[in-house]
Amino acid sequence: MKRATPKGRARARKPRRPAAASRQEALLRLSTGIAEAESETDVCRAVVVGLYGEALGYDFVAVLLVDQASGDRVLVASEGWKQAPSGLRIRPGQGLSERPLLDGRIHYTPRVTEETRYLPTRNEGSEVDVPILANRELVGVLVVESNRPDAFDDGDLKILAAAANQAGIAIGRARLLRAERARADEQEALRATMADLAGRLDLSTVLTAVLERAVRLLGVSHGELAIYDAAAEELEIVASHNIGRKATTGTRMKLGEGAMGHVARTHEPLLIPSYHAWSGRSPQYAAVDFHAVMVAPLLIGGHLVGAIAFMDRDPARQFGADDLRLLNLFAPQAAIAIENARLFTAAQQQRQYFQELVANNPVAIATLDLAENVVSCNPAFESMYGYTQAEVVGRKLDDLITTEATRQEAMAYTQQALSHQRVKMISQRRRKDGTLVDIEGLGVSVVVDGTPVGAMALYHDITELLKARREAEEASRAKSQFLASVSHELRTPLNAIIGYSELLEEEVEELGVPQLGGDLERIEASGRLLLSLINDILDLSKIEAGKMEIFVEDFPVAPLVKDVTAMVGPLVEKRANRLVVEGAAEAGDLRADRTKLTQMLLNLLSNASKFTENGTITLGVRKNGADRVEFVVRDTGIGMTEEQMGKLFQSFSQAEVSTASRYGGTGLGLAITKKFSELMGGGVTVESVPGAGSTFILTLPVRGS
Amino acid sequence: MPRILLIEDNEMNRDMLSRRLQRKGFEVEMAVDGRIGVEMARAGRYDLILMDMSLPEVDGWEATRQLRAAPETATVPIIALTAHAMAGDRDKALEAGCNDYDTKPIELDRLLGKMAALLPAAAQ
């Protein structure tokens, strides 16, 4: 009963043969309806409703459109007695309605049951199938049925051809309009995406945004984004959209591996119709169930930044020229957005690193611009000077931390630093509360890309260091002072001992008791040794206390050498040595401290005499260039090792303790000689071979000051 | 016999030097400070004065200046005796008017040499 109802109603409503005139009118009305339709579906509905409703005697009218992807005919609109849901699909190779699509002609079937392609339906009458051409392309079929055989005449065929023609034009127009709109929408979406990405600089946000935008733009269900790690030559998945339970983020692929690895190598996009069937698939993606995959490299001027992939689980979704076109528009922009974010992140990390370095530095640091204004300072600066950063920024550093006494000097340093000179200083600066701080400072210019932008001042608080040094110096001075006064106090009684023993020696001779003479001589000799020791200590302590003064005078060298050799004569002869003097006669005049030169030569010659037996000691005088004179004392004695020479000029260090006890002497003579020579602007050097003698060279300026 | 005035505040130095000089044939008179030394020098006639520099009352440099200022002692030879072997002391002594100087402890032969150079030939 249910089936019979529409059939009956149709029959009852429609006259068998409408007049030709009324057919023309019906067609006119149909045209108007079609012209008013905007969308493809509306066009189809207008055709169907118009033909069925015009009482032209048709029992069923339908429009089927071809789905480009599958080739199926899809029912878009229908009217009539058959139950025909929209979206019904008819596969290629089935049904009478395919015929116009194969040859582009109208097919009239007076008796459908006689057709081999006939699918058993409720229609057992006749049928007309008309191709619909839109923009010169077969896009669908107009199907009109009658439950009577032989129901259509030429007039019907003309009307239906005209209707299909109009429908085709309207569908073509609607499709163009839709494509136009879609492209406009696409352009807008792309523009919005780029505007959005360009504004973002946080890398992970940008990566996620790029992928989400791309997925939305292409209307796919899945997406993945990888960035290229050039050092490892690997791609790393950094964002994924909708990829199953197990996120793929963090997956790494070698160049050449899988679809992304493939495009990373070829630098060309790749369309894969079925991922499972693709020979290049990655084992890491063995478990996923995608069909079509589209992958593109992200490139900036041929340099690989990453890769982007899209997939869809719908087997019907294939990627085509439109997708590729969109991707080609999108990919370069995405690459730039990613690279920008990456560079920004790297720059930010570096900036942060240096900020940390400055902030945690124990050295007080302030940066200045070219106008000498403070740009920034670190916490160490704040705690050293008592100013907060806010108090110093924008002000002149030299106005803040200098005193009257150091201001000029500090300003000169700042100028030097700004003009590319590295400035090192030890000075004092003022804190905010007016107290002074001893500093070691460094000023350097700051140059960015070859352009000077300012300077950096670094301060190290050396108050404690200086205090410790002053204390040490004070202690050293006190020690020297003590030694000086002790030595002086010792000398007075010693003078009496020596003087009286000499007096007694003279008296015992007169009194005729010469047997006492030897003892008195020993007392006198010991006293003299003690006196020379005390004198040496006094000299050294004066030198160390900085109180040893130099008195220069002009004098001829030859008489001085003569005096010295006379004084040292007894000591030289004591160990059967011979003294040879060379070059003294030609030495001319010298400006120096005569007393100290005498003392130095005596020290060197007595030293040589002590360590030489049955040998020769030579005192040579020679010029070294125009303004230096050398006194060379050479012996043929026991010599020294390298180690002994190293300690030679230190106070109280004869080469060895055993040497001291064997050869006597204080061990201070050489130390004093060296210090004297240095005070006089010269020096002493030594060359020696153990067992083969030593050579000491005392160098002095010819015209000392 | 040359007459020597030894101005020296240290008793042992004074005793020692005077006895050794007497043994060498000098007539030695002694003063214990600068003021007495100047008085004695102006009152008596001495062939040479040995003057310690660090003296109480009036020091050696001042005493020398006073002696040089007085007509009767303006030309008498004065040898300064200084405790420190300092060239500065020597210069100061020569500036004050001393003819020569010697450093303590006294090397008798050296001092005798300097004295001989300054004593008038008639006195030797």
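The values are calculated or read from the model by the stated rules, or taken from the named source; none is laboratory data. Since this is a predicted model, take the numbers as computed values, not measurements. Neighbour counts are summed over all protein chains in view; Cβ atoms, including those assigned to glycine, are modelled from backbone coordinates with ideal geometry. Surface areas here come from the heavy atoms of the whole protein model, side chains and all, with no ligands, DNA or RNA. Shrake-Rupley method; radii C 1.70, N 1.55, O 1.52, S 1.80 Å.
Residue pairs whose Cβ atoms lie under 7 Å apart, separated by 6 or more positions or on different chains, with the first residue in segment B:2-26 and within 11 Å of chain A (Cβ to nearest Cβ) and the second open to solvent by 30 Å² or more (accessible area, probe 1.4 Å) and in a loop (DSSP other than H, G, I, E, B), are B:17/B:106. Taking segment A:364-392 as the range and being over 20 Å from residue A:447 (Cβ atoms) and either among the hydroxyl-bearing types (Ser, Thr, Tyr) or open to solvent by 40 Å² or more (accessible area, probe 1.4 Å) (or both) as the test, the residues that pass are A:379, A:382, A:383, A:385, A:386, A:387, A:388, A:389, A:390, A:391. From the list A:566, A:587, the lone residue that is modelled with pLDDT under 90 and assigned to a helix (DSSP H, G or I) is A:566. As a summary of the residue check, residue A:108 satisfies the conditions (1) of a type in the set (Ser, Thr, Tyr); (2) under 29 Å from residue A:39 (Cβ atoms); (3) open to solvent by 60 Å² or more (accessible area, probe 1.4 Å) except for the one numbered (2).
Please enumerate the residues belonging to segment A:546-557 that are on the phi < 0 side of the Ramachandran plot and either surrounded by fewer than 17 Cβ atoms within 10 Å (Cβ to Cβ) or of a type in the set (S, T, N, Q) (or both). Answer for segment A:546-557, where residues must be on the phi < 0 side of the Ramachandran plot and either surrounded by fewer than 17 Cβ atoms within 10 Å (Cβ to Cβ) or of a type in the set (S, T, N, Q) (or both): A:547, A:549, A:550, A:551, A:553, A:554, A:555, A:556.
When you check residue A:608 against the structure, is it in contact with a Phe, Trp or Tyr (Cβ under 8 Å, 6 or more places away or on another chain) and outside any strand (DSSP E or B), yes or no? Write out each step before concluding.
Numbers: in contact with a Phe, Trp or Tyr (Cβ under 8 Å, 6 or more places away or on another chain): yes; outside any strand (DSSP E or B): yes.
Criteria met by residue A:608.
One residue stands out among those in segment A:582-612 that are charged (D, E, K, R) and open to solvent by less than 30 Å² (accessible area, probe 1.4 Å): the one that is farthest from the other protein chains (Cβ to nearest Cβ), which is A:596. Take the conditions (1) away from chain B (no Cβ under 14 Å); (2) part of a helix (DSSP H, G or I); residue A:529 misses just one of them, which is (1). With respect to the conditions (1) within 21 Å of residue A:269 (Cβ to Cβ); (2) of a type in the set (Ser, Thr, Tyr); (3) open to solvent by 40 Å² or more (accessible area, probe 1.4 Å), residue A:193 lacks only one, and its number is (3).
Residues of segment A:404-428 that are in contact with a helix residue (DSSP H, G or I) (Cβ under 7 Å, 6 or more places away or on another chain) and within 22 Å of residue A:465 (Cα to Cα): A:410, A:423, A:425, A:427, A:428. Only residues that are out of contact with any strand residue (DSSP E or B) (no Cβ under 7 Å at 6 or more places or on another chain) and open to solvent by 50 Å² or more (accessible area, probe 1.4 Å) were counted in segment A:164-181, giving 10.
Candidates in segment A:55-105 are the residues that are of a type in the set (Lys, Arg) and touching a residue at least 24 places away in the same chain (Cβ under 8 Å); of these, the one that is least open to solvent (accessible area, probe 1.4 Å) is A:73. In segment A:491-514, the residues that are more than 8 Å from every other protein chain (Cβ to nearest Cβ) and touching a residue at least 24 places away in the same chain (Cβ under 8 Å) form Cβ pairs under 8 Å with partners that are assigned to a helix (DSSP H, G or I) and small (Gly, Ala, Ser), at six or more places apart or across chains, as follows: A:497/A:527; A:501/A:527. Assess whether residue A:342 counts as being within 26 Å of the chain's Cα centre (by Cα) and basic (Lys, Arg). Yes: the conditions hold for residue A:342.
All conditions but one from (1) of a type in the set (Gly, Ala, Ser); (2) at pLDDT below 85; (3) under 30 Å from residue B:54 (Cα atoms); (4) over 55 Å from the mean Cα position of the chain (by Cα) apply to residue A:476; the one that does not is (4). Within the set A:97, A:78, A:86, the sole residue that is closer than 27 Å to residue A:173 by Cα, among the polar types (S, T, N, Q) and assigned to a strand (DSSP E or B) turns out to be A:78.
Per-residue answers, yes or no, for (1) touching a residue at least 12 places away in the same chain (Cβ under 8 Å); (2) farther than 17 Å from residue A:217 by Cβ; (3) open to solvent by less than 70 Å² (accessible area, probe 1.4 Å); (4) in a loop (DSSP other than H, G, I, E, B):
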site	(1), (2), (3), (4)
A:281	yes, yes, no, yes
A:288	yes, yes, yes, yes
A:291	yes, yes, yes, yes
A:296	yes, no, yes, no
A:304	yes, yes, yes, no
A:309	yes, no, yes, no
A:315	yes, yes, no, yes
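Checking the structure you have, find out if any residue of segment A:464-477 is more than 11 Å from chain B (Cβ to nearest Cβ), touching a residue at least 60 places away in the same chain (Cβ under 8 Å) and open to solvent by less than 80 Å² (accessible area, probe 1.4 Å).
Going through segment A:464-477, the residues more than 11 Å from chain B (Cβ to nearest Cβ) turn out to be A:464-477.
Subset that is touching a residue at least 60 places away in the same chain (Cβ under 8 Å): A:476-477.
Still in the running and open to solvent by less than 80 Å² (accessible area, probe 1.4 Å): A:476.
Yes, because at least one residue in segment A:464-477 is more than 11 Å from chain B (Cβ to nearest Cβ), touching a residue at least 60 places away in the same chain (Cβ under 8 Å) and open to solvent by less than 80 Å² (accessible area, probe 1.4 Å).
On the basis of being in contact (Cβ under 8 Å) with a residue 40 or more places away in the chain and more than 16 Å from residue A:701 (Cβ to Cβ), does residue A:605 make the cut?
Working: in contact (Cβ under 8 Å) with a residue 40 or more places away in the chain: yes; more than 16 Å from residue A:701 (Cβ to Cβ): yes.
Answer is yes for this residue.
Of the residues in segment B:103-115, not one is of a type outside the set (Ser, Thr, Tyr), more than 14 Å from chain A (Cβ to nearest Cβ), assigned to a loop (DSSP other than H, G, I, E, B) and open to solvent by less than 20 Å² (accessible area, probe 1.4 Å). Count, please, the residues in segment B:76-88 that happen to be at pLDDT below 90 and either open to solvent by 30 Å² or more (accessible area, probe 1.4 Å) or in a loop (DSSP other than H, G, I, E, B) (or both). Count: 4. Restricted to segment A:33-54, and to residues there that are open to solvent by less than 70 Å² (accessible area, probe 1.4 Å) and part of a loop (DSSP other than H, G, I, E, B), the residue that is nearest to residue A:126 (Cα to Cα) is A:54.
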